[in-house]
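To start, the structure itself, in structure tokens.
All of the numbers you see were taken from the coordinates with simple rules; none came from a lab. These numbers were taken from a predicted model, which means no experiment stands behind them. Please note: Cβ atoms are built from the backbone with ideal geometry, for glycine as well, and neighbour counts cover all protein chains shown.
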Amino acid sequence: MNAPAELALLSTVHAAEQHAAAVARFTAALDAAFDGCAMPGDPSRCARFARGMRAALTRALADPALVTRAQREGSADTYRRHVIAADSRGRYTVAALVWQPGHASPIHAHHTWCGYAVLDGTLTETLYAWDDARQGADVVRSHPRASGAVSFGGRGRAGIHRLSNGSDVQAVSLHVYGVAVDHIATQVNNVLPLVRNTALAS
């Protein structure tokens, strides 16, 4: 093996080792958040758990090895999700979401607790309130979530929102979902409709 190829291999191995160590640090912090919370069905109702999750996400912002270059690759069509770690007990899954300009999530609540941190770029978070009479979500407000922003919330329609990238550069966010990895596509987002204006429709 020639010297440049050997250096490239050593660099790749070193990056992989750094990534593995960063993942281990992050999952250890997530595991610690469960300690002392006697609410296995919905730990997000435990204040200590919520603080632990926010603290873990905040520390993750300062750990550049946690999300690899490959896990920062986006898709032309919609935001792309890269699974980074999955708890062996099925309590949570960690994923990086990559948002190209113009990408947006659907309007949704969550079937489970969820926390996220914005690693790169700026996302816009739009908050909604559920209108039972019109069976839809009504806009409350929007605000920017710049790099460094951290959020955590429980399940249910009290936390309806939508994330979007309205900028002209890519954004990357780190998410922790309270589901096993096999359920990440079906048991996280509870997609909801926008309110229908019945006065105009009649």
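Taking neighbour Cβ counts within 10 Å as the exposure measure, how do 99, 113 sort from fewest upward? Walk me through the numbers on the way to the answer.
Details: 99 28, 113 23.
Least crowded to most crowded, the residues run 113, 99.
What net charge do the residues around residue 181 carry, taking every other residue with its C-beta under 15 Å from that of residue 181, with Lys and Arg at +1 and Asp and Glu at -1? Let's see the in-between values first.
Values: positive: 81, 89, 91; negative: 87, 182.
Neighbourhood net charge equals +1.
At a Cβ-Cβ separation cutoff of 4.7 angstrom, cysteine residues of the chain with no neighbouring cysteine are 114. Using only the alpha-carbon atoms, how far is helix 3-34 inclined from the longest principal axis of the chain? Give it as 0 to 90 degrees, nearest 10. The two axes meet at around 40 degrees. Once you list every other residue whose beta carbon is under 10 Å from the beta carbon of residue 124, what net charge do they have if Lys and Arg are +1 and Asp and Glu are -1? Taking every other residue near residue 124 into account, the sum is +1. Taking only alpha carbon atoms, the chain gives an Rg to Rh ratio of 1.03, where Rh is the Kirkwood radius.
Fully extended, how many nm does the chain gain between residue 146 and residue 75 (0.36 nm per residue separation, minus their Cα-Cα distance)? Intermediate values should be presented prior to the final figure.
Details: separation 71, 0.36 × 71 = 25.56 nm, distance 2.10 nm.
Full extension from residue 146 to residue 75 adds 23.5 nm.
Based on C-alpha pairs under 8 angstrom that are at least 6 apart in sequence, region 68-175 has a relative contact order of 35 percent. Spatially, region 41-110 and region 152-194 are offset by 9 Å when compared through their Cα centroids.
Tell me the mean residue ellipticity at 222 nm calculated for the chain from its helices only (DSSP H runs of n ≥ 4, each -39500 (n - 2.57), averaged over every residue, nearest 500). Spell out each step's value before the answer.
On the way: 3 runs with 50 residues, N = 202.
The helix-only estimate for the chain comes to -8500 deg cm²/dmol at 222 nm.
Between residue 194 and residue 182, the modelled labels are 3.8 nm apart [label points 7 Å from Cα along Cα→Cβ].
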